[in-house]
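Heads up, the thing below is written out as structure tokens.
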Amino acid sequence: MTADAVPTGPLCSSAAGPGPSRMAADPDSGMSSVPAVDPVVRDPARLAALRDTALLDTPAEEAFDRLARLAARVMRAPVSLVVLVDAHREYFKSCVGMDIARGAPREGPLERSFCQYAVASGEPLIIPDAREHPWVRDNPATRDGVIAYAGIPLITNGGHALGTLCVVDHEPRAWSDDEVAILRDLAASVVTEIELRTDILFRARAEEALRASEERFRRLFEQAADSLFVHDAEGRFVDVNPRAVESLGYTRDELLALRVRDIEQGITPQELARAWHELQESGTITLRGQHQRKDGTRFPVEVRLGRLGSPGSALVLAAVRDLSDRERLEEELRQAQKMEAVGRLAGGVAHDFNNLLTVVKCHTELLLEELSDVPQARDDLAEIHQAAVRATALTGQLLAFSRKQMLRPVPMDLNQVVTAMSPMLARLIGENIEIDVHLEPQLGRTVADPGQIEQVLMNLAVNARDAMPNGGTLSLSTANTELDEHSLARHGDACPPGAYVMLTVGDTGSGMSAETQAHIFEPFFTTKEPGKGTGLGLATVYGIAKQSGGHVWVYSETGAGTTFKIFLPRVTATNAERVPSDTDGALPRGSETLLLVEDDAALRRLMRRILVRQGYRVLEAEHGVAALRRAATCGEPIHCLVTDVMMPQMGGRELATRFTREHPTARVLFVSGYTDDEIIRRGLVSPGADIVQKPFSAATLVGAVRRTLDHEPAHLAASRRAS
């Protein structure tokens, strides 16, 4: 119902509804006040209770019509209404005796509503004659025949007034107390219908939410990446997901017929009992153990147990994660860390040993030249020199394993290397072993050090020969291939996927067990008798492949032979540049002044002797500080600084920087036992610097000095490019 003014009556209450309210006085009626609109309709708790009924957007219902008709008959009123009031409008849930089509809408604005005041006060609102009331006499409702009004608020058990049950008469009427009491009872029946409907709605919503939750759980259960088991306190499986079926190799029905003890091999019954007790107390626990597949194989697992329900619940959800890949990766990490530690040790030993080898080799070379007419002495020196060469090869293996060997990578064709090496390999492995070669005609190129690839072939061929003492076949093949993330992950490689060229070396020998394969790339690991192997051959192969940006995979079974696959990155280069040899022709000579800086006195004396023999004037210093003093007092131009990289007091890079500041046209040649890549990566020299690797021969040193003097200095080239 609507009205333009606030009505009052004998049973109107001045009690305010929920929340603060504004009060309006009526001097003519003698009533003190009635609640205003805003505090009523904007009460959040009342509006939430109204929304929970879900009645505002539904049509009139028979239950409300029945009660409205009863109210009209008992009250002998021509009109009876069930009205709900929300934040902005009133809703007619039942209209008895009112012609809706004549202009009474299903919804009405609150500023003209009678019902909102009953909702505000929470008490009956009684108007005997609206035409005589000063606040409603001009309301259009009076012209439509709304003369007498009696409304009872519909108050829920929670204390929220949702609307009213009201009756309207077209004649003035004094509503009796008995009539108001009857209307109260009928209003309570309306509230009962509302709450019954709300309970049904809540149950329907709860059931729908439960079904949705169960569906979500089932979907997650079925699609989970981990194995999921639901079992009871006796360990009987109640449910399992597809991943559990797949991981254990049973059918679902077979698995549901088992118990936890049938698949769990890493936990004793006593431990399971303790776990169950702890689970009941904490709700969740995590265990580690082993599961056994149908075929008897076992694998490590992590089991996260969660109680389904309250303490004492008989059901448990077990989420099981296969740790095979994690443990393999952890083992590979430990292996890599061990290899790295041994590699650093090997590289350090080789670095220091190189200084000694350089002294031995170069001195024997000098003596061989001077004692040309003493055959016996020359033979002895030749043996010494050969021993030094073999020792140099050994340090080369150590450096290759530790990935600190000097590389001279060029675009190269693996087919050419295999073809050139095949005759030598045939002599190396013996006549009782056949070599079978299959080369890819359209093989792509790779960038690598040809000498190191030859070393890989030699080491693998020797390894194959030792595995075939009674003869067999050594297979060599090349191919283009693509490595994807899946295949790399399966072999534990962290290198990028992409295009590679593959060198395959296989044999028909005795093969290796899985335990042996786990250690073959470790330095100094060998299955040969003492004195018949250094244990560095396969470690060297591994180091060369990794240093060249590639991978090594091995396939072997006891009694079924072994196959090594070496993958090297494929490039688009089409021509391989020939690396000039330091021994080509006579040793170059010169007359320039050199500043030689080396902290190893024996090596420094040897280098000075070699360079002086070739015509150079050589100034010496034992470290960087002494070198700067020597240069400052020299009194003549210094054409080239020849300096070790790692020295006490001042390293080679700092020395070169300070030296070239005072001698900007001078060249710089670094000498190091580390690779150029290593010392550049560590910031010991600048990219593009000239470097000679220890151990070196006299020819290597002289050739490197001559090339450095004949080319533009790296620091000058950089300055020119910058300008």
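Taking the stated definitions as given, is ASP38 acidic (Asp, Glu), open to solvent by 60 Å² or more (accessible area, probe 1.4 Å), at pLDDT below 80 and under 25 Å from ILE194 (Cβ atoms)? Against the criterion (acidic (Asp, Glu), open to solvent by 60 Å² or more (accessible area, probe 1.4 Å), at pLDDT below 80 and under 25 Å from ILE194 (Cβ atoms)), ASP38 qualifies. Going by the structure shown, is VAL238 of a type outside the set (Phe, Trp, Tyr) and not in a helix (DSSP H, G or I)? In short, yes. Scanning the stretch 618-666 for residues that are of a type in the set (Val, Ile, Thr), assigned to a helix (DSSP H, G or I) and either in contact (Cβ under 8 Å) with a residue 60 or more places away in the chain or under 25 Å from GLY703 (Cβ atoms) (or both) turns up just one, THR660. Within the stretch 463-487, residues that are over 30 Å from ASP325 (Cβ atoms) sit with their Cβ atoms under 6 Å from residues that are open to solvent by 30 Å² or more (accessible area, probe 1.4 Å) and β-branched (Val, Ile, Thr), at 6+ positions apart or across chains, in these pairs: GLY472/THR508; THR473/THR508; LEU474/ILE435; LEU476/VAL437.
Just one of the listed residues (ALA181, ALA188) is at pLDDT 90 or above, farther than 23 Å from SER113 by Cβ and surrounded by fewer than 18 Cβ atoms within 10 Å (Cβ to Cβ), namely ALA181. The residue that is modelled with the highest pLDDT, counting only those in the stretch 351-371 that are open to solvent by less than 80 Å² (accessible area, probe 1.4 Å) and more than 26 Å from VAL645 (Cβ to Cβ), is LEU367.
Each row is one residue, and each column tells you yes or no for (1) open to solvent by 20 Å² or more (accessible area, probe 1.4 Å); (2) touching a Ser or Thr at 6+ places or on another chain (Cβ under 9 Å); (3) at pLDDT below 90; (4) in a loop (DSSP other than H, G, I, E, B).
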residue	(1), (2), (3), (4)
ILE152	no, yes, no, no
GLY158	yes, no, yes, yes
THR164	no, no, no, no
VAL167	no, yes, no, no
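If only residues of the stretch 169-190 that are touching a Pro at 6+ places or on another chain (Cβ under 8 Å) and part of a helix (DSSP H, G or I) are counted, the one that is nearest to HIS88 (Cα to Cα) is ALA187.
Scanning the stretch 206-228 for residues that are of a type in the set (A, V, I, L, M) and farther than 20 Å from VAL238 by Cβ gives ALA206, ALA209, ALA212, ALA225. When the stretch 275-319 is limited to residues that are under 16 Å from ARG261 (Cβ atoms) and at pLDDT below 80, the one that is most open to solvent (accessible area, probe 1.4 Å) turns out to be TRP276. Can you tell me which residue within the stretch 409-447, out of those that are acidic (Asp, Glu) and over 20 Å from ALA464 (Cα atoms), is surrounded by the most Cβ atoms within 10 Å (Cβ to Cβ)? Here the answer is ASP413. With respect to LEU611, is the statement that it is modelled with pLDDT of 90 or more, over 30 Å from GLN452 (Cβ atoms), of a type in the set (A, V, I, L, M) and crowded, with 16+ Cβ neighbours inside 10 Å true? When the stated conditions are applied, LEU611 does not pass them. Here GLU327 does not fit the description of being among the charged types (D, E, K, R) and in contact with a helix residue (DSSP H, G or I) (Cβ under 9 Å, 6 or more places away or on another chain).
Table: residues versus (1) under 18 Å from GLN693 (Cα atoms); (2) open to solvent by 60 Å² or more (accessible area, probe 1.4 Å); (3) modelled with pLDDT under 90.
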| residue | (1), (2), (3) |
| --- | --- |
| ASP600 | yes, no, yes |
| VAL618 | no, no, no |
| GLU622 | no, yes, no |
| LEU641 | yes, no, no |
| MET646 | yes, yes, yes |
| ASP677 | yes, yes, yes |
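Considering the stretch 429-517, the qualifying helices (runs of 4 or more DSSP H), each wholly inside and each with 1 or more residues that are modelled with pLDDT of 85 or more and either farther than 18 Å from GLN416 by Cβ or among the polar types (S, T, N, Q) (or both), run over 450-467. In the stretch 534-557, which residue that is at pLDDT 80 or above and out of contact with any helix residue (DSSP H, G or I) (no Cβ under 8 Å at 6 or more places or on another chain) is farthest from ARG445 (Cα to Cα)? Across the stretch 534-557, the extreme among qualifying residues is TYR555.
For the stretch 224-235, residues that are outside any strand (DSSP E or B) and surrounded by 11 or more Cβ atoms within 10 Å (Cβ to Cβ) total 4.
Restricting the stretch 225-258 to residues that are over 18 Å from GLY306 (Cα atoms) and touching a residue at least 24 places away in the same chain (Cβ under 8 Å), the residue that is farthest from the chain's Cα centre (by Cα) is GLU254. Across the stretch 690-722, the qualifying residues are those that are closer than 26 Å to GLU369 by Cα and outside any helix (DSSP H, G or I), and the one among them that is modelled with the highest pLDDT is VAL692.
Annotation: VAL146 fulfils all but one of (1) among the β-branched types (Val, Ile, Thr); (2) open to solvent by 20 Å² or more (accessible area, probe 1.4 Å); (3) part of a loop (DSSP other than H, G, I, E, B); the unmet one is (2).
The values are calculated or read from the model by the stated rules, or taken from the named source; none is laboratory data. This one's a predicted model, so the numbers in the text were calculated from it and none came from an experiment. Don't worry about glycine lacking a Cβ; one is built from the backbone with ideal geometry, like all the others, and counts go over all protein chains shown. Just so you know, the surface numbers come from the protein's heavy atoms only, side chains and all, with ligands and any DNA or RNA stripped out. Shrake-Rupley method; radii C 1.70, N 1.55, O 1.52, S 1.80 Å.
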